[in-house]
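The values are calculated or read from the model by the stated rules, or taken from the named source; none is laboratory data. Please read these numbers as outputs of a predicted model, since none were measured by experiment. Cβ sites come from the backbone with ideal geometry, for glycine too, and all protein chains shown count toward neighbours.
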Amino acid sequence: MEPDSPPGQWMPAVAQLLEQQQRMTEQLVRALQEQQQLQQHQQQQQLHQQGSRSGRLPKKSESPTFDGTGDVETFLSEIAHLKDVYAIEEEKDVLFVTVRGLAKTVTEWYRTLPPSQRTSWIGLQDALRARFASHNQDADLAAKLTRLRQREGASVNEYATEFESTLDHLRRYDPGCLSEFMQVQLFTMGLRTHQQTYVRALRPKTLQQAIELAGSIPEEPGSRRKLSKSKRREERAAGPRQGQPENVAQ
């Protein structure tokens, strides 16, 4: 039979075990604290991101609305303006502002769209135009373009600005509606006879070339702007200007 261990011989082993347990407990506490700090940091980042997101988007009261009966082009233009003013870069943010401005009936229609149009800013614009733009709008604009003429007293630049504005509006409905050749022909056809003759002779290949050529042609020699009939009547009614002798029949 083995003799009994001397009193206190096992105490160092117990002390060592307790010390190891204490170190493990301290390590566990530190790990829990680090995890809590990491979670708090992540929560703060999320709050910061949410705050910055709401700060760079316009308020609902500032956003345009569309009920399906107004001009869809005006609505989309206002959304594009807000996109530039608030420097909105994320497509999902642009879609959020757009959909937020839709009335209930339009929102119900929006929910029926395929995902490719609901998740794309360009796709949603095309869908809105196809559904709510006037079916006769493109035809009206095309007719206006063919009738457009350089008005009496208007410069080439003024006529060109009106022509390009109408053409850009028409392209919103059909980007490839007119070839470059047809654009040149329609623009040239609307010029006054003097500029029209010269531009046709020089045969520009693009609309921009036609505009530059028309602007470089001087006014027809001896031509001057005619007074309107109403202005002539006003001058006759007012009589001769002060200091101007009246015509007296000899």
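Structural remarks
- Scanning the stretch 109-145 for residues being loosely packed, with under 12 Cβ neighbours inside 10 Å and touching a helix residue (DSSP H, G or I) at 6+ places or on another chain (Cβ under 6 Å) gives a total of 1.
- Residues being touching a Lys or Arg at 6+ places or on another chain (Cβ under 9 Å) and not aromatic (Phe, Trp, Tyr) are represented in the stretch 81-88 by at least one member.
- Among the candidates ALA201, ALA238, the residue that is loosely packed, with under 10 Cβ neighbours inside 10 Å and either closer than 30 Å to ILE122 by Cα or modelled with pLDDT under 90 (or both) is uniquely ALA238.
- When ILE217 is tested against (1) surrounded by fewer than 16 Cβ atoms within 10 Å (Cβ to Cβ); (2) at pLDDT 85 or above; (3) in contact with a His (Cβ under 9 Å, 6 or more places away or on another chain), exactly one condition is not met: (1).
- Among the criteria (1) out of contact with any helix residue (DSSP H, G or I) (no Cβ under 6 Å at 6 or more places or on another chain); (2) of a type in the set (A, V, I, L, M); (3) more than 30 Å from GLY123 (Cα to Cα), the one LEU178 does not fulfil is (3).
- Within the stretch 167-186, considering residues that are in a helix (DSSP H, G or I) and either modelled with pLDDT under 90 or of a type in the set (Asp, Glu) (or both), the one surrounded by the most Cβ atoms within 10 Å (Cβ to Cβ): LEU170
- Meets criteria (surrounded by fewer than 17 Cβ atoms within 10 Å (Cβ to Cβ), aromatic (Phe, Trp, Tyr) and either on the phi < 0 side of the Ramachandran plot or at pLDDT below 95 (or both)) for PHE66: no
- When the stretch 201-218 is filtered for residues that are assigned to a helix (DSSP H, G or I) and of a type in the set (S, T, N, Q), the ones remaining, listed by number, are GLN208, GLN209, SER216.
- The one condition in (1) exposed (fewer than 15 other Cβ atoms within 10 Å of the Cβ); (2) more than 21 Å from the chain's Cα centre (by Cα); (3) at negative phi that ALA103 fails to fulfil: (2)
- Scanning the stretch 146-160 for residues that are assigned to a loop (DSSP other than H, G, I, E, B) and farther than 11 Å from LEU191 by Cα turns up just one, GLY153.
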